[in-house]
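Below is one structure, written out as structure tokens; the observations come after it.
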Amino acid sequence: MDLQHILQSGFELHQAGQLSEARAKYQDVLKHDPANFDALQLSGVIAAQLGELNLALELLIKANAIKPQDLAVATNLAKAASDLGNYAVAIQALRTILQTKNNDPHLIFALALNYFHVQDYRQSIQYFDFALQLRPNWAEAHCNRANAYDEMHEHEKALVDLNMAIELDPDYAIAHFNRGNILQKMRQLDLAQSNFERAINIQPSLKQAHLNLSQLYFHRGDYHAAYAASDTALALDPHHVSGYNCRGLAAMELGDYATARKDFESAIAIQPDFIHAYTNLGKLFRYTNQHAAAIASYRTALAIDPTSAIALFGLGLCELQIGDFFNGWAHYEERWHPDVLSDPKLIKNFSQTRWDGHRTLSGKCILLYAEQGYGDTIQFCRYARKIKALGAHVVLEIPSALFALFENLEGVDQLVARGEALPHFDFHLPLMSLPYVLRSNIAGIFALPPYLSVSQSKKDQWQKLLSDCLGKEIDTRHRKKQKRIGLVWSGNPQFKNDSSRSISLEQLIHYLPQEAVYFCLQKEVSIKDKVYLNTRPEIQQFSNQLHDFSDTAALCSHLDLVVTVDTSVAHLAGALGIPTIILLAANSDWRWLLHHDKTPWYESVSLIRQARVGQWIEALSMLANKLRDFIRA
């Protein structure tokens, strides 16, 4: 049998594009000569042409073993291996070629890309450097070197490369897209947005640019725009898992829970191990008070990745809200994980040891510090006395607005305003980790009486101020017949869930009985509310006199009742032991538990809950009835 003739016949068929017939000829040769170099190489090329990459790789590796220095084999092997994701084989083949063709920028570029794929970013950058020395004005090489710099968190260098790529090719859509990613990481959001939009203008089908734009809109709180951008991405690719996830998140923030659930479930149907869809479903179920379903979703996520901080943290919030404090406090510690932490600046990089609840504190100094909002600090400073009881010298760092209020806080030896120099200390711990390290439970919370107080001098100061403003003497020992009620209807608008917890001032006033005197307890009042308050002289305003929380506390001490949404004033009034009604959204914070009209955190506080998300009418009607009963009592 003339194998060379058969091989030549196959080669001619191959050149004519008759791949099946050519393959049959090559296979005939290999049956009789399994180590025939040409048949192995050409069979591998056909397999690659037909998309049979695993077979192509197998055949080309055999050919390469016979003639390691053959450039054609090495070139085909490098491409097949790279296409298949076998980058180590591709790198070896390319290095073989470069021994002979060491000035070919395209081969060097290919080698740089393969080193990038094996996450050897330093080596990748070195080869991109070499390629750019040979071909300086190569936009694609600049763009890809920027990707390597990005992976090494060298964002400034990445930006320089992307700027050059765009200067060389202003219509390079991927370069605009990548520059948007870098700028987003550098928190230059306006510039990031303009780059994503430019990429889309050049290449409208670039679905990832639509998705990134959706994520940018989402983090800026523009949920309608986020929904629209992810909707466009899904129109381009109806099977895009991240598209459903992004649209679901936007729908959830817009209160369209049915669409959000459908989108998360669509993502799972496409990719059953897509953990983000399960954690977001858990969040959705938690928002809608379906805590059993939420816990199940988080546990499914943890079955996929037992270390998922987002799933553990979400599970912890559910556990705390249903009263499972033992597990809840432990999982709440995941709030410090980078995947959960919203602001890395909250992390304190102290050289001293973080107290774990086991080391002795006798004769030691421990720094406790506020980590979140004013309300959280007021709520959790109660645990300072427990640390003091362990024999520690307790230093408490707090925002300056709380300093005067906390001056007589039991269990604290030294107060430090945030930003001031700290004294020497041996251990440290954030306030909201105290329940975890102390193994706090609900029974322990119930036992605590009011723990904040107002100095007599501050009370007297406010008694005079109220008397002067109201034109009459207020006697705190003999209350006037007309009840005095403080009001807080909105919180910090920068708080993510503020729209859910806050109430329209006009809507609230509509439900207030006229037989009482009402006091605005808000230091910050929106322009719209200021205009409306000026038309309601029956609401006493002292915003300009509320310099810090000690002033708010003193004003509260002259009132009979505080009515508030879930803000820092709710915690302040509760910690002072002042009768308080808190109006809670249906998807209220974990600390208020579920269904109860009382709270273990504050004995003097009553709770009125929304029946449905966004619907305040029923809750306000209950408030009106309670106020009428209170006024008549």
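The values are calculated or read from the model by the stated rules, or taken from the named source; none is laboratory data. It should be emphasised that the depicted structure is a prediction, and the values quoted were computed from it without experimental measurement. Ideal geometry is used to build each Cβ from the backbone, glycine not excepted, and the neighbour counts take in all protein chains shown. Calculation scope for accessible area: heavy atoms of the full protein, side chains included, ligands and nucleic acids excluded. Shrake-Rupley method; radii C 1.70, N 1.55, O 1.52, S 1.80 Å.
Where in the range 223-280 are the helices (runs of 4 or more DSSP H), entirely inside, with at least 3 residues that are among the hydrophobic types (A, V, I, L, M, F, W, C), more than 15 Å from the chain's Cα centre (by Cα) and more than 16 Å from ALA294 (Cα to Cα)?
Ranges flagged: 223-236, 257-270.
State the number of residues belonging to the range 31-53 that are surrounded by fewer than 17 Cβ atoms within 10 Å (Cβ to Cβ) and either closer than 24 Å to LYS79 by Cα or touching an Asp or Glu at 6+ places or on another chain (Cβ under 7 Å) (or both).
Summing the residues that are surrounded by fewer than 17 Cβ atoms within 10 Å (Cβ to Cβ) and either closer than 24 Å to LYS79 by Cα or touching an Asp or Glu at 6+ places or on another chain (Cβ under 7 Å) (or both) in the range 31-53 gives 7.
When you go through (1) part of a loop (DSSP other than H, G, I, E, B); (2) at negative phi; (3) among the charged types (D, E, K, R) one by one for ARG179, which number turns out not to apply?
With (1) part of a loop (DSSP other than H, G, I, E, B); (2) at negative phi; (3) among the charged types (D, E, K, R) applied to ARG179, the lone miss is (1).
Answer yes if at least one residue in the range 128-135 is open to solvent by 30 Å² or more (accessible area, probe 1.4 Å), more than 30 Å from PHE218 (Cα to Cα) and not in a helix (DSSP H, G or I), and no otherwise.
yes
Do we find that ASN103 is open to solvent by 30 Å² or more (accessible area, probe 1.4 Å) and either part of a loop (DSSP other than H, G, I, E, B) or of a type in the set (Lys, Arg) (or both) in this structure?
yes
Going residue by residue through the range 206-218, is there one that turns out to be small (Gly, Ala, Ser), within 23 Å of TYR287 (Cβ to Cβ) and at pLDDT below 95?
No, the conditions are met nowhere in the range 206-218.
Condition first: in contact (Cβ under 8 Å) with a residue 24 or more places away in the chain, surrounded by fewer than 24 Cβ atoms within 10 Å (Cβ to Cβ) and of a type outside the set (Ser, Thr, Tyr). Now tell me which residues in the range 253-264 satisfy that.
Answer for the range 253-264, where residues must be in contact (Cβ under 8 Å) with a residue 24 or more places away in the chain, surrounded by fewer than 24 Cβ atoms within 10 Å (Cβ to Cβ) and of a type outside the set (Ser, Thr, Tyr): GLU253, LEU254, GLY255.
Given (1) farther than 26 Å from TYR223 by Cα; (2) touching a helix residue (DSSP H, G or I) at 6+ places or on another chain (Cβ under 6 Å), where does GLY314 come up short, assuming only one miss?
(1)
Failed condition for LEU594, given (1) assigned to a helix (DSSP H, G or I); (2) touching a residue at least 24 places away in the same chain (Cβ under 8 Å); (3) more than 17 Å from VAL488 (Cβ to Cβ), with all others met?
Result: LEU594 fails condition (1) only.
Table: residues versus (1) assigned to a helix (DSSP H, G or I); (2) of a type in the set (A, V, I, L, M, F, W, C); (3) open to solvent by less than 10 Å² (accessible area, probe 1.4 Å); (4) within 23 Å of CYS381 (Cα to Cα).
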residue	(1), (2), (3), (4)
VAL531	yes, yes, no, no
GLN540	no, no, no, no
THR564	no, no, yes, yes
ALA573	yes, yes, yes, yes
ALA586	no, yes, no, no
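Working carefully through the options ALA233, ALA226, ALA250, ALA267, find the one that is under 19 Å from ALA311 (Cβ atoms), open to solvent by less than 10 Å² (accessible area, probe 1.4 Å), out of contact with any Cys (no Cβ under 6 Å at 6 or more places or on another chain) and not charged (D, E, K, R).
Going through ALA233, ALA226, ALA250, ALA267 in turn, just one is under 19 Å from ALA311 (Cβ atoms), open to solvent by less than 10 Å² (accessible area, probe 1.4 Å), out of contact with any Cys (no Cβ under 6 Å at 6 or more places or on another chain) and not charged (D, E, K, R): ALA267.
Looking at the structure I just gave you, is LYS345 touching a residue at least 40 places away in the same chain (Cβ under 8 Å) and open to solvent by 60 Å² or more (accessible area, probe 1.4 Å)?
So LYS345 does not fit the description; no.
Among helices (runs of 4 or more DSSP H) lying entirely in the range 414-506, which contain 2 or more residues that are β-branched (Val, Ile, Thr) and either open to solvent by 70 Å² or more (accessible area, probe 1.4 Å) or at pLDDT below 80 (or both)?
442-446
Anything in the range 145-180 that is crowded, with 24+ Cβ neighbours inside 10 Å and not hydrophobic (A, V, I, L, M, F, W, C)? List them, or say none.
ARG145, ASP161, HIS176, ASN178, ARG179, GLY180
Would it be correct to say that ALA39 is in contact (Cβ under 8 Å) with a residue 12 or more places away in the chain, farther than 28 Å from ASP161 by Cα and among the small types (Gly, Ala, Ser)?
Yes, satisfied.
Yes or no, residue by residue, for (1) free of Cβ contacts under 8 Å to residues at least 24 places away in the same chain; (2) of a type in the set (Val, Ile, Thr):
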position	(1), (2)
VAL340	no, yes
ASN349	yes, no
GLY357	no, no
ILE366	no, yes
ALA370	no, no
ILE378	no, yes
